[in-house]
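Chemist: Below is a structure I'd like to ask you about.
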Amino acid sequence: MTAWAPGGALVGSVEVTAATVQIGDVIQLGGHACRVRDLFQLSQGANQLVFESGELLTVHTRTRLLAVRSLRRR
């Protein structure tokens, strides 16, 4: 699904894993929307996500989350 965000950007819902998560993705955790500010690669394909709020989340290789991502026009 894609939609227009208030700023005029085209956004879409995507499923992310440790291999596909990107800086700028917005992930809903516990009812709060958290934007990924930085990420670090850990052992065995896991990533540690750093959110703008300062919280950390470790995403293992088989973890699947829904995120909102700004889609770029090509």
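The values are calculated or read from the model by the stated rules, or taken from the named source; none is laboratory data. The structure displayed is predicted, hence computed values, not measured ones. Here Cβ is always computed from backbone atoms with ideal geometry, including for glycine, and neighbour counts include all displayed protein chains.
Chemist: Pick from the stretch 58-74 the residues that are assigned to a strand (DSSP E or B) and loosely packed, with under 13 Cβ neighbours inside 10 Å: which of them is modelled with the highest pLDDT?
Modeler: THR58
Chemist: Applying the selection to the stretch 44-57, what residues are over 16 Å from THR17 (Cβ atoms) and not in a loop (DSSP other than H, G, I, E, B)?
Modeler: Taking the stretch 44-57 as the starting set, the residues that turn out to be over 16 Å from THR17 (Cβ atoms) are 50-56.
Of everything in the stretch 44-57, those that are over 16 Å from THR17 (Cβ atoms) and not in a loop (DSSP other than H, G, I, E, B) turn out to be VAL50, PHE51, LEU56.
Chemist: From the residues in the stretch 20-32 that are modelled with pLDDT under 90 and either surrounded by 12 or more Cβ atoms within 10 Å (Cβ to Cβ) or assigned to a loop (DSSP other than H, G, I, E, B) (or both), which one is nearest to the chain's Cα centre (by Cα)?
Modeler: GLN28
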